[in-house]
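Report on the structure given below.
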Amino acid sequence: MSGLLSVVLPAYNESEVIELSIKTLCETFENANINYELVFVDDGSKDDTWKKLSDASSDSHIKAIHFSRNFGKEAAIFAGLEMSKGDCVIVMDCDLQHPPKTAVEMYRLWEQGFEVVEGVKNTRGKETIFHTIAANTFYKMMSSSAGIDMSRASDFKLLDRKAVTALLKLPERNMFFRALSSWVGFKSTQIEYDVAERAGGSSKWSTVSLVKYALKNITSFTSFPLQLVSICGVVMILICIFFAVEAIITYSQGNAKEGFTTVILLLTFASSVLMLSLGIIGYYLSKIYEEIKGRPRYIIAETRNMIDETRNI
Ligand code: UDP
Ligand code: MG
């Protein structure tokens with residue numbers, strides 16, 4: 001008998017696609033003769049996603065967790081990983097943008113002995129120019145700090161139970177799943193896939209939420225912005241030396257430097273840099289504060305087909 005495959009699917013307001021998604025995935029894995037379970041994590045949906053999941057859970061392949069409110073996709077992924085029982089786990093979106101047939105290919109690679117299979121995007125699907133530029137900048141920063149190419153990385157991956165256990169042992173609250181799965185190491189490979197069109201409904205990301213997501217993940221993965229503060233300091237010192245020398249020379253030649261405009265410019269420039277730096281430090285401080293509070297990553301309201309129905313982590 002082949003190993004059990006758990007498929008973790010975060011779902012937030014996905015009532016339009018959830019039924020199609022369940023049907024397609026069940027058919028795909030049954031046709032491929034894979035022993036599977038689907039672990040849906042309803043991330044506090046406001047529509048009837050949970051009702052549809054509850055109804056679908058009459059099929060014992062389908063397990064479902066309902067969060068007490070929206071905790072975000074990363075939290076949903078981690079809840080799914082914690083609740084899954086499989087020998088290997090695939091994380092994928094439940095809008096069918098991650099092709100089910102690629103999931104089967106991932107499973108086959110796992111059977112061949114790979115412990116982490118990263119799904120990399122062949123194409124990024126339809127996106128606006130602004131989105132593409134912002135995503136590229138974000139991934140450049142992340143790639144250089146993580147030491148891995150992240151430009152085509154996605155949350156679509158397969159992890160062996162060993163890798164899942166290693167991930168779940170990490171104590172931090174602010175996790176960036178996409179980068180951490182390669183950070184844990186293990187025998188890994190990549191598989192390319194084309195991002196499909198959404199099967200229904202609409203993307204849950206607004207520009208503001210994407211910017212927030214980027215900031216949260218940059219600060220949870222790298223301290224580069226803090227070093228940027230020091231770099232700014234060095235630049236300011238150089239500017240300061242230049243002006244000081246210039247002022248002294250002008251003074252020694254008998255005429256004081258013309259001043260008000262320069263003073264205003266310097267003052268506003270210096271205070272903006274200072275404020276910005278304080279902001280960056282403050283942001284890190286708030287992240288540390290969040291971490292040490294040690295609050296749970298998520299709160300479960302209800303579960304279906306889970307052995308431990310009341311477990312709140
Ligand atoms: N998602 C979630 N919680 C959120 C936002 C999104 O669990 O707060 C899920 C969503 O249901 C989907 C996946 O994350 O399964 C990817 O979201 P979406 O399709 O909106 O993002 P995109 O594919 O546009 O990047
Ligand atoms: Mg999507």
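The values are calculated or read from the model by the stated rules, or taken from the named source; none is laboratory data. Because the structure is predicted, anything quoted here is derived from the model rather than measured. No Cβ is skipped: glycine too gets one built from the backbone with ideal geometry, and neighbour counts run over all protein chains shown. Only protein heavy atoms, including side chains, enter the accessible area calculation; ligands, DNA and RNA are left aside. Shrake-Rupley method; radii C 1.70, N 1.55, O 1.52, S 1.80 Å.
May I ask you to list pairs of residues, at least six apart or on different chains, whose Cβ atoms are under 9 Å apart, with the first in segment 197-211 being over 14 Å from Phe130 (Cα atoms) and the second being within 13 Å of ligand 2 (Cβ to nearest atom) and open to solvent by 60 Å² or more (accessible area, probe 1.4 Å)?
Glu197/Lys126; Ala199/Glu16; Gly200/Glu16; Gly201/Glu16; Ser202/Glu16
Any residue in segment 87-110 that is of a type in the set (Lys, Arg) sitting within a Cβ distance under 8 Å of a residue that is more than 10 Å from ligand 1 (Cβ to nearest atom)? List the pairs, counting only those 6 or more apart or interchain.
Once the first residue is of a type in the set (Lys, Arg) and sits in segment 87-110, its partners that are more than 10 Å from ligand 1 (Cβ to nearest atom) give Lys101/Thr28.
Go through segment 86-131 and report how many residues are among the polar types (S, T, N, Q), open to solvent by 30 Å² or more (accessible area, probe 1.4 Å) and either within 16 Å of ligand 2 (Cβ to nearest atom) or within 18 Å of Ala179 (Cα to Cα) (or both). Before you say what the answer is, go through the steps one by one.
First, the residues of segment 86-131 that are among the polar types (S, T, N, Q): 97, 102, 112, 122-123, 128.
Still in the list and also open to solvent by 30 Å² or more (accessible area, probe 1.4 Å): 97, 112, 122-123, 128.
Subset that is either within 16 Å of ligand 2 (Cβ to nearest atom) or within 18 Å of Ala179 (Cα to Cα) (or both): 97, 122-123, 128.
So the answer is 4.
Name the residue, out of Ile237, Ile231, that is more than 34 Å from the chain's Cα centre (by Cα) and open to solvent by 80 Å² or more (accessible area, probe 1.4 Å). Walk me through how you get there before you give the answer.
Numbers: Ile231 fails: more than 34 Å from the chain's Cα centre (by Cα).
Just a single option satisfies the conditions, and that option is Ile237.
Can you tell me how many residues within segment 71-85 are within 16 Å of ligand 2 (Cβ to nearest atom) and open to solvent by 10 Å² or more (accessible area, probe 1.4 Å)?
Residues flagged as within 16 Å of ligand 2 (Cβ to nearest atom) and open to solvent by 10 Å² or more (accessible area, probe 1.4 Å) within segment 71-85 amount to 3.
Could you check Gly259 against (1) touching a Lys or Arg at 6+ places or on another chain (Cβ under 8 Å); (2) more than 16 Å from ligand 1 (Cβ to nearest atom) and say which number it fails?
Exception for Gly259: condition (1).
What do you reckon, is Ser220 within 27 Å of Arg295 (Cα to Cα) and hydroxyl-bearing (Ser, Thr, Tyr)? Spell out the reasoning first.
Numbers: within 27 Å of Arg295 (Cα to Cα): yes; hydroxyl-bearing (Ser, Thr, Tyr): yes.
In short, yes.
Taking the condition of being at pLDDT 80 or above, in contact with a Ser or Thr (Cβ under 9 Å, 6 or more places away or on another chain) and hydrophobic (A, V, I, L, M, F, W, C), how many residues in segment 139-175 meet it?
Here the count works out to 5.
I'd like to check which helices (runs of 4 or more DSSP H) are fully inside segment 42-126 and have at least 2 residues that are basic (Lys, Arg). Break it down stepwise before answering.
Numbers: elements: 49-56, 73-83, 100-111.
Those helices (runs of 4 or more DSSP H) span 49-56, 100-111.
Which one of these is in a helix (DSSP H, G or I) and of a type in the set (Asp, Glu): Glu302, Glu290? Outline the logic, then answer.
Values: Glu302 fails: in a helix (DSSP H, G or I).
On inspection, the qualifying residue turns out to be Glu290.
Any chance segment 150-160 includes a residue that's outside any helix (DSSP H, G or I) and open to solvent by 60 Å² or more (accessible area, probe 1.4 Å)? Break it down stepwise before answering.
Residues of segment 150-160 outside any helix (DSSP H, G or I): 150-160.
Then keep just the ones that are open to solvent by 60 Å² or more (accessible area, probe 1.4 Å); that gives 152.
Looking for residues that are outside any helix (DSSP H, G or I) and open to solvent by 60 Å² or more (accessible area, probe 1.4 Å), one finds at least one in segment 150-160, hence yes.
When Phe156 is evaluated against the numbered criteria (1) within 16 Å of ligand 2 (Cβ to nearest atom); (2) out of contact with any strand residue (DSSP E or B) (no Cβ under 8 Å at 6 or more places or on another chain), which criterion, by number, is the only one it fails?
Here Phe156 meets the rest and fails (2).
Check segment 168-183 and report whether any residue there is away from ligand 1 (no atom under 15 Å from the Cβ), open to solvent by 70 Å² or more (accessible area, probe 1.4 Å), in a loop (DSSP other than H, G, I, E, B) and on the phi < 0 side of the Ramachandran plot.
yes
Quick check, is Asn122 under 26 Å from Trp205 (Cα atoms) and modelled with pLDDT under 90? Spell out the reasoning first.
Details: under 26 Å from Trp205 (Cα atoms): yes; modelled with pLDDT under 90: yes.
In short, yes.
Taking segment 212-223, which residues are exposed (fewer than 15 other Cβ atoms within 10 Å of the Cβ) and more than 12 Å from the chain's Cα centre (by Cα)?
So in segment 212-223, the residues exposed (fewer than 15 other Cβ atoms within 10 Å of the Cβ) come out as 212, 215, 223.
The answer is Ser223, and nothing else.
Mind listing just one residue for me: the one in segment 191-243 that is outside any helix (DSSP H, G or I) and of a type in the set (S, T, N, Q) and, of those, nearest to ligand 2 (Cβ to nearest atom)? If you could, list the steps in order and put the result at the bottom.
Step one: of segment 191-243, the residues outside any helix (DSSP H, G or I) are 191-206, 222-223.
If we keep only those that are of a type in the set (S, T, N, Q) too, we end up with 202-203, 206, 222-223.
On the way: Ser202: 9, Ser203: 6, Ser206: 14, Thr222: 26, Ser223: 31 Å.
The extreme case among them is Ser203.
Looking at segment 1-41, which of its residues are part of a loop (DSSP other than H, G, I, E, B) and either of a type in the set (Val, Ile, Thr) or in contact with a Leu (Cβ under 9 Å, 6 or more places away or on another chain) (or both)? Break it down into steps so the answer makes sense when it comes.
So the first thing to find is which residues in segment 1-41 are part of a loop (DSSP other than H, G, I, E, B), and the list is 1-4, 12-17, 32-35.
Once the filter is applied, which keeps residues that are part of a loop (DSSP other than H, G, I, E, B) and either of a type in the set (Val, Ile, Thr) or in contact with a Leu (Cβ under 9 Å, 6 or more places away or on another chain) (or both), segment 1-41 yields Val17, Ile34, Asn35.
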